[in-house]
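FYI, it's all coordinate maths here, none of it is from the lab. All of these numbers come straight from a predicted model, not from anything done at the bench. With ideal geometry, Cβ positions are generated from the backbone for all residues, glycine too; neighbour counts draw on all protein chains shown.
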Amino acid sequence: MRFWAAISGKQSAGRPTGTGLAGAGLAGTMVFILALAAALANALTSVFQRKGIEAAPADTTLRFSLITYAVRRGIWLAGFALMIVSFLLQAVALHLGRLSEVQPILTTELVFLVIVLVAWFGFRMGGREWTGVVAVTAGLAGFLFFADPVDGTLSPPLWAWLVAGGACTGGIVIATALALRGPRWWRAAMFGTAASISFAFTAACTKVVSGFAASDWTDLYRHWQTYALAFFGALAVFLAQNAIHAGPIVASQSTIVLVDPVASILVGVGLFGDNLRTTGAWGPLEALSLLVMVAGAVVLAHSPLVAGLKGGSDPYSEMLSPHHPRAGGMPDAPVITEGP
């Protein structure tokens, strides 16, 4: 695939010497645009799928019946279609770029979520929302500039995959176990943590599989990473649905958005050997930028605009549909009936 090689700069001899996103030219620009588009699609996916399962029975948590309930709702299926679009955009971005730069860009999903809530649901942005948006944007830009990620190895050995996969699996199991008890916000946060770890490992598999597909997509079935991608991708979707269903969107969305880039940076450095500038002042500056980005995302997740969807412990007050400016909300908005 000479086209992909020409854009990404990955010839047979390896990636040319140079900088990461800031100095990668056309490839860097495409990585940035594709990752931002994937973040927007993810934000819309969160809203659509939240609307699709928010009225599901409480006893469907961690059950396949939650998925069967969801697929009968058109708004959820629209969200699933957007999820596929987001995956394809992310896959191309990961093929052209590095795990430790693509995944942090996806943090802007929360910024796009705020924009959707303002434009679609009629909320108003206040000082806190503007502060969060500026912090996320500035922190992300600072991290990418100061860290300047550069490729390490594109073919990790099997033992490295086993270590990374074992660590991610352990984190998923622990977070899921912690999600089985506790208040609704805690359960949503823990399910979101488990989902984000699974998304991070899925992204690692996606990066490798996209390279296989660019070389010869007919040989994908020969590589075990293809099946790992399918398994952890499906697991991530399942856990994300439980996170959305288990409690307030402020808890599930913030953990999914925040834990994923951190876990992805660790996987990118540990598994692929992504090189981040850490000598001298670069290390503290990129750590500070990452902290600003995370703090901004936390501010957005807990802002009145987003937290207004929570409104207390009553599940009805967490729903998106009653906040829609149009009477009745979306065509597939659930009809709420009071229980006994």
Sorting Tyr69, Tyr227, Tyr221 on the 10 Å Cβ count, fewest up front, what's the list? Tyr221, Tyr227, Tyr69
When the Karplus curve 6.51 cos²θ - 1.76 cosθ + 1.60 is applied with θ = phi - 60°, which whole-Hz ³J(HN,Hα) does each residue of the range 132-138 get, with x for Gly and Pro? x, 4, 5, 5, 4, 5, 5
May I ask you to sort Arg187, Arg98 by Cβ crowding, counting other Cβ atoms within 10 Å and putting the fewest first? Arg187, Arg98
Determine ³J(HN,Hα), in whole Hz, for all residues of the range 42-49 in sequence, where each value follows from phi through the Karplus function 6.51 cos²θ - 1.76 cosθ + 1.60 and θ = phi - 60°; x replaces Gly and Pro. 5, 4, 5, 4, 4, 5, 4, 6
Once you put a point 7 Å from the Cα of Arg128 and another 7 Å from the Cα of Asp219, both along the Cβ direction, what distance in nm separates them? 5.4 nm
Volume in Å³ per residue [convex hull over Cα atoms, computed for the range 24-323]: 128 Å³
Using Cβ contacts closer than 10 Å as the measure, can you line up Phe272, Phe231, Phe238, Phe201 from fewest to most? Phe231, Phe238, Phe272, Phe201
Anisotropy class of the range 166-261 from Cα gyration tensor, a/c 1.5 cut: prolate
